[in-house]
Each structure stands twice: as C-alpha cells, then as structure tokens.
Amino acid sequence: MAVEAEAAAAPGLALSDTDINWDRLDKTRFHIIGAILFTAQISLLHPTAVVKTRMQVAGSGLSHMRGISVFKQILKIDGVPGIYRGFGTSAIGSLPGRVLALTSLEVSKNMMLKYTEGLDMAEATRVGIANGVAGMFSNLVSCAYYVPLEVVGQRLMVQGLPGTTVCNGPFDTVRKVIKAEGFRGLYRGFGLTAVTQSPAAALWWGAYGAAQHMIWRSLDYRDDMDKKPSHMEMVTVQATAGMVAGACSSVITTPIDTVKTRLQVMDNYGVGRPSVLKTTRALLMEDGWRGFYRGFGPRFLNMSLYGTTMIVTYELIKRISVRQ
C-alpha cells in the first residue's frame, strides 16, 4: 500500500504534456514565469543580434568580416556594454508584447486544433497546420507592438556607424525619429515585417509542431499508452525540433531581414524617405546578391540557438504553469 501511494504521488510524465493547450494553463503563472525566463534567454542571445545588425549596415566596414571577428572588435572598442547595446530597450520593452504574442499564439492554436478535429488528415499534418496558423496570427498581432521597439533597439545597436543618427538612449531615439519623419518613422519596415515574417513564423511553428510529433511517433510513443517519456527525453526531442525549425527559417528569411534591418536604421539613401526599393538597389550595387546574406552566420547561430532555447524554455513554462 505504501509503495502504491508513493507511485500515485509521483506520477510519470504523460506524452500529452508535450503539447499542453491553453485551457490547461494557469494564465497568471504562465505570463509571470514567462517574463522572467524569456528575459534571461534574451540576455544570453542579445550579443549575436548586435553582431548581425552591425554586419548588415552599409559603410560599417564589418560586412565582409567573420562574425567572431566583429564580436571581438566590438568588445575591443566598446567592451561588454558594446555587445549589449539596446538590450534594456529590447528586454523591458518586449514584456507587454510577449504577453500579447503568447496569448494570441496559444488561443489561436487551441481554436485550430478544435476546428480541425475529426478531419481526414494525418495527425502530424493537423498539428503542423494548427501550429503554423497560430504562429502567423500571433506574429501579425504582435507586429504592431514589436516593430517600433525593433526600430529603436536596432538604432541603438548601430550607434557610431556611418549613415546612422546619433541618439542618447531609447527616449532620445524615439524623439529624433518622430521629429524627422513623424510617428510613421517608428514603423519603418512594418509592411516588410508583417508580409514576410508572418509566413516565416508560420513556417517555424508549423515545422516545429510537425517535427516534434513525428519524432515522438518514431520513438514509438503514443497518447494512449502507458509508456511515458522522461524529462530528459522531452527536452531533447523539443530542442531538436526547435533547432531544425530555427535553422530552416534562418536560411529562408535572412535576405529579407537584411533589407529590413538597413531600412530601419539607415538615413542616407539620398532625397526622400528610405524605401524597400531604394534599400534593395543600394545593397545590390554594393555587394551583389551575396550582400543579402550579410550577417548570415550570426543570424543562423542566433535563430538556431533561439529556436532551441526558446522552445525548451517555452515548453518548460507551460509544464510549470499547468493548472492543478
């Protein structure tokens, strides 16, 4: 009896815990724990974003250098604060946006899973579609919040480079952008971000959901069986699926990201407001088609590591936040 009681008090981890839906979550705990863990994750990956952004800016002298060389140069000139430029703006400013993004992601995924229930399709396809639609919708909803934050953060990252405006902190950046271009200056690259990153988000979440489902099935795990994965197995499978999704997404979206980054930070493309066409032409003239993959190494590393750490962190938050 004592053994049975002990076993009941410490149940194994069910396979259903690999995909915890919105209805099972304690929403307050979910957002509080998420804010803490995601901020810690951003702090670890922020230097790769700074290196990538500086490599993509015209006239920086860094575009043809290797990512590790750029990292060392920033450290040599500016020290540790240099590789964390814009971190405060990104970390603190993104908290409300993260609540918006995570809520819209989970709610829309839950709706899609219920809507597609009973349809004649493979389960991996159903999970992939639900995750993909949720990723796209969440990205569209959060773009309105994140694009101005990204504009400010990236301008702080490239301070001192040719063609950029000198700003003293995030509030000064906002003031100067609005003074020069009005409120719409904070939304440089919004259309490009919404049109391109939403399908990219759909690709990432769809690939992750389908990959995780297929990996579990290849390991002979099913929802209706007594065999349960360990915590280590769960983390390994989710990390692998996240790495694959992040790596694929970085290859497809880097050219668009290069144009978007330059559009958001450069101010010297001649008369008139910078545009996607002007930015693309300037990039082609400078370095040809290979110029669209400036900063690919750091971005590939950033997205692969981000995909892995983000999804492991995210799934951990959901398991901790399950309503008892």
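Just one of GLU150, GLU181 is of a type in the set (D, E, K, R) and crowded, with 19+ Cβ neighbours inside 10 Å; which is it? Reasoning before the result, please.
Numbers: GLU181 fails: crowded, with 19+ Cβ neighbours inside 10 Å.
Exactly one residue qualifies, and that residue is GLU150.
Within region 228-255, being more than 20 Å from MET310 (Cβ to Cβ) and either free of Cβ contacts under 8 Å to residues at least 24 places away in the same chain or part of a helix (DSSP H, G or I) (or both) holds for one residue alone: PRO255.
Each residue in region 117-136 was checked for being more than 14 Å from the chain's Cα centre (by Cα) and surrounded by fewer than 23 Cβ atoms within 10 Å (Cβ to Cβ), and 12 of them qualify. Here's a check for you: in region 103-126, which residue that is at pLDDT 85 or above and among the aliphatic types (A, V, I, L, M) is nearest to ASP26 (Cα to Cα)? If we take residues in region 103-126 being at pLDDT 85 or above and among the aliphatic types (A, V, I, L, M), then VAL107 is nearest to ASP26 (Cα to Cα). Residues of region 74-101 that are of a type in the set (D, E, K, R), assigned to a helix (DSSP H, G or I) and under 22 Å from the mean Cα position of the chain (by Cα): ARG98 alone.
Looking only at residues in region 148-165 that are of a type in the set (S, T, N, Q) and within 26 Å of the chain's Cα centre (by Cα), the one that is modelled with the highest pLDDT is GLN154. When you check THR116 against the structure, is it of a type in the set (Ser, Thr, Tyr) and under 27 Å from ILE20 (Cβ atoms), yes or no? For THR116, the condition - of a type in the set (Ser, Thr, Tyr) and under 27 Å from ILE20 (Cβ atoms) - is met.
Only a single criterion out of (1) closer than 30 Å to GLY82 by Cα; (2) in a helix (DSSP H, G or I) is not satisfied by ASN168, namely (2).
The values are calculated or read from the model by the stated rules, or taken from the named source; none is laboratory data. Worth saying up front: this structure is predicted, and the values here are computed from it rather than measured. No Cβ is skipped: glycine too gets one built from the backbone with ideal geometry, and neighbour counts run over all protein chains shown.
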